[in-house]
Amino acid sequence: MIEAVGLTKRYGRTVAVDNLSFTVKPGRVTGFLGPNGAGKSTTMRMILGLDRPDAGQVRIDGKTYHQLDRPLRTVGALLDAKWVHPNRSARAHLRWLARSNGLPNRRVGEVLELVGLTSVADRRAGGFSLGMSQRLGIAAALLGDPQILLFDEPVNGLDPEGIHWIRQLMKRLAAEGRTVFVSSHLLSEMAQTAQDLVVVGRGRLIAQCTTAEFVDTASETSVRVRSPQLDRLREVLLRKGYALHVEPGVDGNALVVTGSVTSEQVGEIAAEQDVVLHELSVRRGSLEEAFMRLTGDSVEYRTDGQGPAGPAAAGSEDLMVAGGVNR
Amino acid sequence: MSVLGAERIKLFSTKSPWWSSLATVVFVVGFGMIFLLTTASLVREDGPAVPFRVGVSTTQQGIFFGQMVILVMAALAITTEYRFNTIKTTFQAIPGRTSVMLSKALIIGLLAAVLGEIAAFASWGLGRLLVTDFDLTIRTADQWRQVAGAGLVFAITAIIGLAVGALTRHTAGAVTALLVWAMLGEQLIGAIPRVGDKIQPWLPFNAGGHFLGVGPNQNEGAQTGTDLPYNAWGAVAYFAGVAVVLFLVAVLVVNRRDA
Ligand SMILES: Nc1ncnc2c1ncn2[C@@H]1O[C@H](COP(=O)(O)OP(=O)(O)OP(=O)(O)O)[C@@H](O)[C@H]1O
Ligand SMILES: [Mg+2]
């Protein structure tokens, strides 16, 4: 269990984390979601006692990080896979970590085996690929067999196989009853792994709820219609109070009806008016669109004056929020 | 204890401390022998006319160069942690930063002490083999101090290197600051007319050198430039005091800073 209360961190004039409160429960994967620069990494550093909050505090099973005796036995974390000495072997890296928390040397072999690095354990970590570094970082996080695990963007830069492996691992760790807190800037990624979400933007809490709730409330449906009598249909729909806009496309203009509307309603109205339909389709807004709408005001970096949920941003899969700077 | 063990593994699981250790001994012995052989031949030719003699401390004149390597090695022990961000992993594993700093100081200080003893006695031993027409036998307590004291001076030197490394967090910055101070700064200040002589005893590396009889104020029985405000043990106590103050400031800063 992780409890953050009123967490605040400033770096000079930037407020990286702003009065953030949330709880992370055991037995579930909790996603920590927010666009680039939202303060996710900063929050994780504060949880681990690396950065000192300007206000507020974090408690881990009721204790501050500094109060934990042999903290690796309670909390394991992978914040950055490149935080190893390049000329030290993977085994030596884990050996000093194990020793620092009084863990038996046998654990080193066990976690190396678990992440599949046994055969390269004596090679210098500086020569590792990103995927291998990530596995080493996970081995370090699991070393003390902790009940609480933190991962900061663990799938960043991994190939599909690596991504799959990490997702399965996180689910398994949560199923074993552990607390798993994992950050990401992609809602589509979190939708596949996390049961709960803590959503932040510009350092502030936007939502804390289950992933299902978030997706339901956040993503709205719309109905798209094409017709040779588009203007007529548009007038009728407007008169009936539907919100809509015209969307130009390769197959001519289309109407997109938004708000709480079903394809049945639109089809019946068209039939009443004897309007011929060439297309009637339901579109569920992508998770990323929903995410952008919610965090829209909180996106720190924008490419231009265009709103974060603007048409240029919408639609593309796995889009990073409003072309944010990747850090 | 586990923190000490972790720091020990960390120090010896990369190559650079091994190279630094070798360099320390080679520098001390190498420069020491050059100095010894040159001095010996000068004294042989000019006899009592030269203002210095050949004795036990003549074999120890390479100490300063080894000391410079120790400074760099000790600074690197912490600046590389900042450079590769393993300092974050370290403080994550051991949130008590003071104990991390103390362990580092103990490990690097011990290594420096051992290297100091090896280098000093190797210099003296080799000197006795190379120069047989002068008496290089260690007899007096002063002579023992001048050779066996190297370990203590090296350990103190390592603490200074570690403290400055922790304060700057950057290898280049720390090494430049340390070497410029020790090799240039103290010499230049000592050379300032009139006041230089007064300040010189209070320059930490000069004080450390005085303890070993290798400072600018001392050379095997001959010319003692200024009247020093302390004896040899006072000198090393002052040197250690400077190291302790620097180290305490470093510990304070490390505890207050974000990792
Ligand atoms: N050590 C630091 N010094 C100064 N500013 C910092 C520091 N760390 C973070 N910041 C600033 O704090 C804000 C939050 O950064 P943080 O890295 O926590 O965001 P993030 O949510 O992890 O983003 P990303 O998804 O890009 O990793 C940013 O504006 C960043 O520039
Ligand atoms: Mg981040």
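Observations, loosely collected:
- Highest-first packing order for the peptide set B:30-39, B:162-171, A:61-70 is B:162-171, B:30-39, A:61-70, based on the mean count of other beta carbon atoms within 10 Å.
- Evaluated on the protein assembly as shown, the Kirkwood hydrodynamic radius is 28.5 Å, with distances taken between all distinct Cα atoms.
- Residue-averaged [θ]222 nm for chain B, counting only DSSP H segments that reach four residues, each worth -39500 (n - 2.57): -23500 deg cm²/dmol
- Of the residues A:K25, B:K88, B:K15, the one with the largest accessible area comes first in the ranking B:K15, A:K25, B:K88, computed with a 1.4 Å probe on protein heavy atoms.
- Net charge over other residues, Cβ less than 13 angstrom from the Cβ of A:M1 (K, R count +1; D, E count -1): +2
- For the stretch A:3-65 versus the stretch A:153-186, the spacing of their alpha-carbon centroids is 20 Å.
- Averaged over A:59-70, number of beta-carbon atoms from partner chains that fall within 10 Å: 1
- Solvent-accessible area of A:R52 with every protein chain in place, 1.4 Å probe, in Å² to the nearest 10: 120
- Computed log10 I(q)/I(0) for the stretch A:220-283 at 0.20, 0.24, 0.29 Å⁻¹: -0.67, -1.01, -1.55, from the Debye equation with unit scatterers placed on every C-alpha and solvent omitted.
- Per residue of A:72-82, other chain Cβ atoms within 10 Å of the residue Cβ number 2 on average.
- Surface accessible to a 1.4 Å probe, B:I94 within the full protein complex, Å²: 10
- Dividing the convex hull volume of the alpha-carbon atoms in chain A by its residue count gives 158 Å³ per residue.
- Within the protein assembly as shown, percent of DSSP bridges classed antiparallel, to nearest 5: 65
- Annotation: per residue accessible area for the protein assembly as shown equals 44 Å², rounded to a whole number [probe 1.4 Å, protein chains only].
- Candidate residues B:E117, A:E235: accessible-area rank, largest first, probe 1.4 Å: A:E235, B:E117
- Taking each of A:K9/A:K63; A:K40/B:K10; A:K171/B:K10; A:K9/B:K88 in turn, the alpha-carbon distance tops 26 angstrom for A:K40/B:K10; A:K171/B:K10.
- Of all accessible heavy-atom area on chain A, the percent that carbon and sulfur account for (1.4 Å): 47
- Average other protein chain Cβ within 10 Å of Cβ, residues B:4-12: 5
The values are calculated or read from the model by the stated rules, or taken from the named source; none is laboratory data. Predicted model only: the values in this text are computed from it and were never measured. Don't worry about glycine lacking a Cβ; one is built from the backbone with ideal geometry, like all the others, and counts go over all protein chains shown. Heavy atoms of the whole protein, side chains included, go into the accessibility calculation; ligands, DNA and RNA do not. Shrake-Rupley method; radii C 1.70, N 1.55, O 1.52, S 1.80 Å.
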